[in-house]
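Working notes, structure below.
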Amino acid sequence: CSSDLSDSATYCANLLVAALNLFSHYHSLNADTLAQSKRVLKDSDAADLSDVEEAEAEGGALTEDKAFTTLLELLAGNCLATVLAAINEPTFVDCQKRMLSSSKFALRQKGLETLLDRF
């Protein structure tokens, strides 16, 4: 994206906001799905509590819903990283400042990952 034209800068800003919102949404959804997945498996008659604890210790996906939302979060993070890689330097720096000072851990982490990839 280039900031030479006002329309182009506005388009880039809108694209960046949309990518940030998408990533933030899927990160939150993924965290909520993990908590729900644990509750469902622990309450299930078919699930042995030791199996659930072992799956948690190994970091394994507990349910299909959890695997799907993890994939969506990953894709949204890649979309955000792609948008950040395509914007001009002043916009990138401003966006990085905002991401790294965000109260949301996922945005700070994605900001660091993108910063490392950019340089």
Per the filter on the range 1-17, residues over 18 Å from GLN96 (Cβ atoms) and either assigned to a helix (DSSP H, G or I) or at pLDDT 80 or above (or both) are SER6, ASP7, SER8, THR10, TYR11, ASN14
- Message: Looking at the range 31-50, can you tell me whether even one residue there is assigned to a loop (DSSP other than H, G, I, E, B), open to solvent by less than 70 Å² (accessible area, probe 1.4 Å) and either modelled with pLDDT of 75 or more or over 26 Å from ALA76 (Cα atoms) (or both)?
- Response: yes
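Let's see how each residue does on (1) more than 12 Å from SER24 (Cα to Cα); (2) in contact with a helix residue (DSSP H, G or I) (Cβ under 8 Å, 6 or more places away or on another chain):
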| site | (1), (2) |
| --- | --- |
| ALA76 | no, yes |
| ALA81 | yes, yes |
| PRO90 | yes, no |
| VAL93 | yes, no |
| SER103 | no, no |
| GLU113 | yes, yes |
The correct count of residues that are open to solvent by less than 80 Å² (accessible area, probe 1.4 Å), in contact (Cβ under 8 Å) with a residue 12 or more places away in the chain, within 16 Å of CYS12 (Cα to Cα) and assigned to a helix (DSSP H, G or I) in the range 78-113 is 11
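The values are calculated or read from the model by the stated rules, or taken from the named source; none is laboratory data. Just so you know, these numbers come straight off a predicted model, no measurement behind them. Note that each Cβ is placed from the backbone with ideal geometry, even for glycine, and that neighbours are counted across all protein chains shown. SASA here: full protein model, heavy atoms, side chains in, ligands and nucleic acids out. Shrake-Rupley method; radii C 1.70, N 1.55, O 1.52, S 1.80 Å.
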